[in-house]
Amino acid sequence: MYSITSREDLASGIYLFKVEAEDIAKKAKPGQFIILRMDDKGERIPLTIADWDEKTVTIVFMEVGKTTQKLATLSAGDSIADFVGPLGQPTEIESFGRVIVVGGGVGIAPIFPLARELKRKRNTVISIIGSRNKDLLFWEDKMRSVSDEIIVTTDDGSYGRKALVTQPLKEILEREKIQRVFAVGPVIMMKFCAATTKPFDVKTMVSLNPIMVDGTGMCGCCRVEVGGETKFACVDGPDFDAYLVDFDLLMMRQRAYLDEEKKALEMWEKSCPKS
Amino acid sequence: MPEKLNLNRVPMPRQDPKVRRGNFDEVALGYTEEQALEEAGRCIQCKKPSCKEGCPVNVDIPEFINAVRENNMREAVKILQSKNSLPAICGRVCPQETQCEVKCNLAKKGAPIAIGRLERYVADWGRAHPEVTAEREGQSFSIVDKKVAVVGSGPAGLTCACDLAKLGYAVTIFEALHIAGGVLMYGIPEFRLPKEIVQSEVDYVKSWGVDIKLNQVIGKTKTADEILGNGFEAVFLAPGAGAPMFLGIPGENLSGIYSANEFLTRTNLMKAYLFPEYDTPIKAGKRVAVFGGGNVAMDAARCALRLGASEVNIIYRRSKIEMPARAEERENAEEEGIIFRLLTNPLRFIGDDQGRVVAVECYEMELGEPDESGRRRPIRKPGTEFVTEIDTAIIALGTRPNPIVPSTTSRLKLTKWGTIITDEATGRTSRDEIWCGGDMATGAATVISAMGAGKRAAVSIDSYLKSG
Ligand SMILES: Cc1cc2nc3c(=O)[nH]c(=O)nc-3n(C[C@H](O)[C@H](O)[C@H](O)COP(=O)(O)OP(=O)(O)OC[C@H]3O[C@@H](n4cnc5c(N)ncnc54)[C@H](O)[C@@H]3O)c2cc1C
Ligand SMILES: Cc1cc2nc3c(=O)[nH]c(=O)nc-3n(C[C@H](O)[C@H](O)[C@H](O)COP(=O)(O)OP(=O)(O)OC[C@H]3O[C@@H](n4cnc5c(N)ncnc54)[C@H](O)[C@@H]3O)c2cc1C
Ligand code: SF4
Ligand code: SF4
Ligand code: FES
């Protein structure tokens with residue numbers, strides 16, 4: 001059992017847990033993820049490592065379905081049955097020069113350790129973080145602390161600039177030469193980020209989030225197409241060159257269990273009415 | 001030899017195919033006491049029991065059968081467990097017809113003793129009488145002050161760990177998944193090998209003081225080198241050969257197309273057949289096509305049927321004789337209504353606008369001259385393409401070694417197939433303090449061969465640590 005040492009409600013439906021997992025904390029690098037299984041009947045779900053210290057690993061998750069909603073009922077002192085990692089390849093981080101990191105929605109969490117490491121490697125870090133509205137935004141301060149410049153956007157203009165993240169992205173690329181772009185967030189956002197940077201031909205890395213089971217290369221559930229080749233996101237990724245990724249296929253594979261997910265969620269909500 | 005040989009092998013009672021295709025309960029029901037005594041009574045207790053030569057873990061076959069004949073089950077359990085830590089598993093899934101039973105002196109007469117079935121009977125009796133196996137309680141473990149690590153808790157890892165623990169070593173198994181057992185737990189379906197039985201044999205291994213640490217991906221959470229730097233004096237690598245192969249044809253990444261590993265893992269390990277009580281979903285659909293002709297294909301097809309499919313086709317490019325699946329499993333599948341489409345090969349998958357598979361295009365094959373494997377090579381018959389509608393496809397082409405362990409362990413020599421170069425007799429690798437065995441050393445093989453490798457490695461590790 002892995003115990004939750006603290007919980008923070010970061011934004012509407014977005015939660016942070018620090019989980020005691022010393023082995024994983026010692027090894028964690030930006031871009032890697034863990035897989036957890038809440039209890040004996042639970043599903044294995046992947047979550048990116050958003051931070052770590054000597055003994056704990058921080059995860060940030062958004063309530064979307066049964067598992068994440070169940071997870072959100074836990075608090076400090078509770079524990080999670082299984083917690084394994086760090087999985088996947090770490091993000092390739094060098095001294096590139098000037099870089100842009102884009103975090104959309106819950107994708108702001110994984111972008112933080114990445115930006116911090118980029119900064120540590122003496123890059124000039126320009127961060128763009130965006131969410132649908134003000135209630136969903138978090139970690140602006142943390143991101144500011146590791147960025148040379150930060151732009152905050154909301155879709156509805158309730159905070160920061162009313163824009164999609166791709167708009168400031170385009171403006172910066174028009175303004176100056178950038179050596180690398182990293183984008184993490186919903187697939188559709190990553191797809192449009194790729195389309196935005198493409199005309200400027202700046203190497204753009206995205207972190208893919210297909211459905212996974214084991215996370216160790218054993219099942220092939222997480223397969224994605226990159227440059228016409230099949231890759232297993234859990235072991236070959238999750239980071240890939242955005243210009244080579246088949247985003248439409250990824251979105252279709254993510255929807256493979258929509259009916260089942262709906263059913264599971266309805267049953268859960270019925271058995272445990274939320275206040 | 002006695003005057004008259006009894007050549008009437010006692011058949012195994014099984015669930016009716018019409019009933020069992022609708023449930024996940026065990027297909028083979030096991031002998032009754034009467035049946036076990038009758039079958040054991042047929043054994044002629046040969047002076048030269050050649051049956052033993054066929055068993056990779058050297059089970060004392062005539063001895064345990066004799067104990068059964070005398071109705072001394074306590075003794076039978078002890079004899080069995082002295083060589084085999086997982087007898088209830090072996091009695092169910094060993095390919096006995098090519099192992100011990102083929103060597104039985106009565107095999108020539110077409111009626112070898114049903115060694116596997118008797119082994120299963122004895123092991124199940126032992127499970128029902130835990131006081132017999134619990135006799136060790138109070139005994140102190142770890143009498144040798146040396147720590148050994150085992151990577152992977154499949155049959156190879158469990159066997160090696162248990163044998164070393166019995167010798168008094170402090171053994172820790174590091175397992176990547178959240179449950180111990182390897183393929184026994186995630187691959188082989190409940191109706192062939194109930195998970196409760198695997199669990200109880202894992203518990204037996206633990207009862208010897210073996211510590212199993214779950215959720216440890218060696219190569220990620222820590223490496224084999226780090227384990228060695230941390231007080232362990234030897235490591236046995238047994239991570240299996242778990243990486244699935246695909247066909248490499250167009251449309252293979254559409255939704256609804258599974259590797260057999262994913263399909264079986266969802267079903268068995270994650271218990272998707274009990275969805276939504278369990279959270280992991282699976283979509284078997286109504287029309288299922290399984291590609292491949294081995295045991296794994298049979299297991300996937302039979303699971304699909306039990307998950308509610310109305311038509312399950314096994315599509316295999318050669319003919320029935322070349323099928324690598326055990327005859328017994330093929331017959332079980334046929335009885336349950338699985339359709340075999342032989343000499344057929346897929347060309348491409350066809351999807352709808354949602355990216356879901358809706359059909360597969362195949363062509364027919366015919367058999368030509370024998371190839372290097374001695375099997376007749378299938379050749380494409382031109383102009384035979386046809387399209388079949390399907391909801392789900394399962395690719396059961398086999399697996400290869402997962403590179404995580406070999407690629408993160410320093411100075412290990414590998415073969416071109418990615419397996420770790422290992423001395424078969426001892427399990428030694430190119431590094432002094434590292435041993436390897438099971439599917440990672442041989443490529444996908446069998447439970448009993450993995451166990452045999454675990455046993456031989458335990459002997460070698462013991463002599464290395466004693467001399468060192
Ligand atoms: C490498 C990786 C890193 C991720 N990091 C984060 C993160 O840091 N924070 C966060 O909030 N989310 C993250 N996700 C997504 C997260 O795993 C899903 O939101 C979660 O699994 C949904 O489970 P559910 O039962 O609540 O929802 P469900 O109702 O089951 O599913 C909702 C949607 O989530 C996706 N999903 C479902 N099951 C899985 C699964 N087993 N594996 C992956 N995706 C699934 C599907 O697209 C599905 O349509 C990550 C995914 C991947 C692959
Ligand atoms: C569906 C199916 C049906 C089969 N049916 C039969 C049958 O009827 N009879 C028969 O004899 N054989 C059968 N086999 C083959 C048999 O199961 C295997 O040959 C046998 O399990 C191999 O044993 P192993 O110990 O080498 O590896 P495995 O059983 O594969 O166990 C390896 C273990 O190591 C773990 N592991 C992997 N990587 C790591 C890592 N990096 N760190 C930590 N742990 C790790 C895995 O999670 C797993 O638990 C079947 C195989 C399959 C897939
Ligand atoms: S372990 Fe397997 S091979 Fe050995 S005697 Fe038992 S059934 Fe036969
Ligand atoms: S060879 Fe057959 S008959 Fe002879 S001892 Fe072995 S099991 Fe019995
Ligand atoms: S999640 Fe199973 S192979 Fe990637």
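The values are calculated or read from the model by the stated rules, or taken from the named source; none is laboratory data. Computed from a predicted model, the values in this text were never measured in an experiment. Cβ atoms come from the backbone with ideal geometry, glycine included; neighbour counts cover every protein chain shown. In case anyone asks, the SASA skips ligands and DNA or RNA and just uses the protein heavy atoms, side chains included. Shrake-Rupley method; radii C 1.70, N 1.55, O 1.52, S 1.80 Å.
Of note:
- Cα gyration tensor shape of chain B, rounded if a/c is under 1.5, else prolate or oblate by comparing a/b with b/c: oblate
- Sites matching chymotrypsin sites (Phe, Trp or Tyr not before Pro) across segment B:127-231 that sit in DSSP coil, with at most 12 neighbouring C-beta atoms within 10 Å: none
- With every protein chain in place, segment A:179-239: carbon and sulfur % of accessible area (1.4 Å): 54
- Within the protein assembly as shown, percent of DSSP bridges classed antiparallel, to nearest 5: 50
- Rough spin-label spacing in nm, given labels placed 7 Å along Cα→Cβ, for B:HIS129 and A:GLU8: 6.1
- Listed by chain and number, the aspartates and glutamates whose C-alpha is less than 13 Å from the C-alpha of B:LYS147, apart from same-chain residues fewer than 8 away, are B:ASP211, B:GLU233, B:GLU433, B:ASP462.
- Entries of B:LYS83/B:LYS166; A:LYS170/A:LYS191; A:LYS177/A:LYS231 with Cα pairs more than 20 Å apart: A:LYS177/A:LYS231
- A DSSP coil position with no more than 13 other Cβ atoms inside 10 Å describes the following trypsin sites (Lys or Arg not before Pro) in segment A:96-170: A:LYS121, A:ARG122.
- With at most 12 neighbouring Cβ atoms within 10 Å, loop trypsin sites (Lys or Arg not before Pro) (DSSP) excluded, longest segment of chain B: B:48-410
- In segment A:20-43, burial by the other protein chains removes 50 Å² or more of accessible area from A:ASP23, A:LYS27, A:LYS41, A:GLU43, compared with the chain on its own (1.4 Å probe, ligands and nucleic acids ignored).
- Coil-residue chymotrypsin sites (Phe, Trp or Tyr not before Pro) of segment B:394-468, DSSP, other Cβ within 10 Å capped at 12: B:TRP417
- For segment A:84-154 versus segment B:77-117, the inter-centroid distance based on Cα atoms is 60 Å.
- Residues of type lysines that B:LYS108 reaches as a straight line, Cα spacing below 17 Å, ignoring anything fewer than 8 places off in the same chain: B:LYS4, B:LYS47, B:LYS48, B:LYS52
- Per residue of chain B, the DSSP helices (runs of n ≥ 4 H) give a summed -39500 (n - 2.57) that works out to -9000 deg cm²/dmol at 222 nm.
- In the structure shown, the pairs A:LYS70/A:LYS162; A:LYS70/A:LYS262; A:LYS66/B:LYS271; A:LYS70/A:LYS263 are assessed against 21 Å; a Cα-Cα span above that value is assigned to A:LYS70/A:LYS162.
- Summing charges over all other residues whose Cβ lies under 14 Å from the Cβ of B:LYS213, with Lys and Arg as +1 and Asp and Glu as -1, gives -2.
- Remark: chain B carries a charge dipole of roughly 820 debye about the Cα centre, counting +1 on each Lys and Arg Cβ and -1 on each Asp and Glu Cβ.
- Net +/- balance of residues flanking A:TYR159 in space, Cβ distance below 12 Å, scoring K and R +1, D and E -1: 0
- Formal net charge of residues neighbouring B:SER407 (Cβ-Cβ distance under 14 Å; K, R +1; D, E -1): +2
- Ligands, DNA and RNA excluded, the heavy atoms of B:THR267 present near 0 Å² of accessible surface to a 1.4 Å solvent probe.
- B:ASN72/A:GLU94 FRET efficiency (R0 60 Å; Cβ-Cβ; nearest 0.05): 0.25
- Accessible surface of segment A:2-87 [probe 1.4 Å, protein heavy atoms]: carbon and sulfur percent: 44
- Dividing the helix sum by the residues of chain A, where each DSSP H run of 4 or more adds -39500 (n - 2.57), gives a mean residue ellipticity at 222 nm of -8000 deg cm²/dmol.
- Cα gyration tensor, segment B:17-133 - rounded (a/c under 1.5), prolate or oblate: oblate
- Where segment B:147-217 is the region considered: accessible area per residue in Å², 1.4 Å probe: 22
- Take every DSSP beta bridge whose two residues both sit in segment A:165-240; close to 65 percent of them are antiparallel.
- Segment B:407-434 and segment B:272-292 have Cα centres separated by 37 Å.
- Considering only B:LEU86, B:ASN268, B:PRO378, the residue lying farthest towards the positive end of the dipole of chain B is B:PRO378, judged by Cα position with unit charges set on Cβ.
- Qualifying aspartates and glutamates (Cα of each under 17 Å from Cα of A:LYS121; at least 8 residues distant if same chain): A:GLU92, A:GLU94, A:ASP148, A:GLU149
- Distance from segment B:199-243 to segment A:50-78 (C-alpha centre basis), Å: 27
- To the nearest ten degrees, helix A:108-120 and the longest principal axis of the Cα atoms of chain A are 50 degrees apart.
- Max mean-square fluctuation residue, GNM over chain A, Cα-Cα springs under 10 Å, options A:ALA81, A:ALA11, A:ALA25: A:ALA81
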